[in-house]
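Reviewing the structure listed below.
The values are calculated or read from the model by the stated rules, or taken from the named source; none is laboratory data. Model, not experiment: these values are computed from the prediction. Positions of Cβ are backbone-derived with ideal geometry, glycine not excepted, and every protein chain shown enters the neighbour counts.
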Amino acid sequence: MNAHTWGINAAYGVFLAYYLSSDVFPGTSSLEYAFIGGLSMSCAMLIAPLATFLCQRVSHRFVLNLGTIFETLSLITASFVKTDWQLFLSQGVCFGFGMGLCFCGSVGITSYWFKKRRSLVNGIASAGSGIGGLVYSLAVGKMIPQMGFPWAMRTLGILCFVINLACSNLLRIPSHSATASKGAPFRLSVVLRLDYVLLLGWAFLSALGYVVLLFSMPSFSIAIGLTQQQGSLASALLNLGQAIGRPAVGLLSDYYGRFNVALVASLLTSLLSFVLWIFVDSLGLTYFFSIAVGLFAGTLLAVAAPLAAEVVGLQDLGAGLGILWLTLCPPTTVAEAIALQLRDPSTSSKPYLRVQLFTGFMYLGSAICLAFLMLEKRRKRRLTQS
């Protein structure tokens, strides 16, 4: 399910590189193209509270099947678009709604089946998005030149429909958990808590950096003189890093604590952006950086739910996650647009220098938010003990 929702969305970097290097939609600016990928992620976050509500009041299966229909429609209709606003509605808004419904309908199901090693299990499940991103970054990079853009989109739509439809109707919650807690998807009182505000700060800044990395690698590769297929492979390797890194993050979280692992992952992503990405100027370094940063960059989506549960408690988890997903709407919408505006094509040696600095500072800021969050939790613990 993750491979055919987040995985297909992760391949948008390849589509973006294709849009920027060709005149498929005349008159469309690079900034407008950037907003399409951002819209898909922000719409997924925007519909999350509604998806959670429908899961509680109707069923997970209904939400998953509805999401599959939205995703399939978006990909098929995108193959027939003639103008940029049609692409906005199909590949941006419609796909985002489908992705959000599929994500929210499936993200919590694995937790019902396991009492131990839940972080590891969720990490393995979320690795599907990395595997999907790996496969579809390579596939899209090959399909567009050989089949053309319309048939590449139709092929993705058919695959998405068949596989997600099967998954939607096979996934289920154990019968003993059918009456699980149905907390409110919205409760603004949680926002008054300092530790929760710090968690939102971590998520907001991480999302800004993550989207830039996810969507910029193919166009960055082309900017330093690599081919479009080599850029597709760079995007695929970043997703391969996520496929390996997310289960590893889950496993380490079970042993060393979720906050500790998330803090280290944010710091390492920031360090790699400052120390390595700035100096990447060859094919080998591009591939090495893509894999290395992929190990840590996608920690946000792997640990957001477990961290929210630790901060607000299981009783308010629905409200905590609902507000967190909405908080991610603005950064996921504008992150890649900011990156394209920060590019400096006139500087042939380092056209992405400001983008690289921006990404590093975003992850550094997210790590600082987590550090203060951990201090706040310790302060509360001491007050409780005294």
Selected residue (only one of Leu317, Leu357 is closer than 30 Å to Gln56 by Cβ, touching a residue at least 24 places away in the same chain (Cβ under 8 Å) and within 23 Å of the chain's Cα centre (by Cα)): Leu317
Subset of the stretch 287-311 [under 27 Å from Gly225 (Cβ atoms), among the hydroxyl-bearing types (Ser, Thr, Tyr) and either buried (at least 23 other Cβ atoms within 10 Å of the Cβ) or out of contact with any helix residue (DSSP H, G or I) (no Cβ under 6 Å at 6 or more places or on another chain) (or both)]: Ser290
In the stretch 339-357, the residues that are under 18 Å from Leu205 (Cα atoms) and either modelled with pLDDT under 85 or buried (at least 20 other Cβ atoms within 10 Å of the Cβ) (or both): Ala339, Leu340, Val355, Gln356
Tally, over the stretch 254-276, of residues that are part of a helix (DSSP H, G or I), farther than 12 Å from Leu370 by Cβ and over 20 Å from the mean Cα position of the chain (by Cα): 6
Residue ID - surrounded by the fewest Cβ atoms within 10 Å (Cβ to Cβ), chosen from residues in the stretch 194-237 that are in a loop (DSSP other than H, G, I, E, B) and not β-branched (Val, Ile, Thr): Gly225
Any hit, the stretch 238-255, residues being modelled with pLDDT under 90, surrounded by fewer than 24 Cβ atoms within 10 Å (Cβ to Cβ) and of a type in the set (Ser, Thr, Tyr): yes
Pair list, Cβ under 8 Å, 6 or more apart: the stretch 179-201 residue at pLDDT 80 or above and among the acidic types (Asp, Glu), other residue loosely packed, with under 14 Cβ neighbours inside 10 Å and part of a loop (DSSP other than H, G, I, E, B): none
Scope the stretch 1-54; condition under 23 Å from Ala223 (Cα atoms) and of a type in the set (Ser, Thr, Tyr); matching residues: Tyr12, Tyr18, Tyr19, Ser21, Ser22, Thr28, Ser29, Ser30, Tyr33
Elements of type helices (runs of 4 or more DSSP H) in the stretch 42-147, at least 1 residues being touching a Ser or Thr at 6+ places or on another chain (Cβ under 8 Å): 60-78, 84-87, 95-106, 109-112, 118-147
Residue match in the stretch 103-119 (condition: closer than 16 Å to Asn9 by Cα and buried (at least 18 other Cβ atoms within 10 Å of the Cβ)): yes
Test: residue in the stretch 128-137 that is buried (at least 20 other Cβ atoms within 10 Å of the Cβ) and farther than 22 Å from Gly231 by Cα: no
Evaluation of Arg378 against (1) surrounded by fewer than 17 Cβ atoms within 10 Å (Cβ to Cβ); (2) under 21 Å from the mean Cα position of the chain (by Cα) (one fails), failing number: (2)
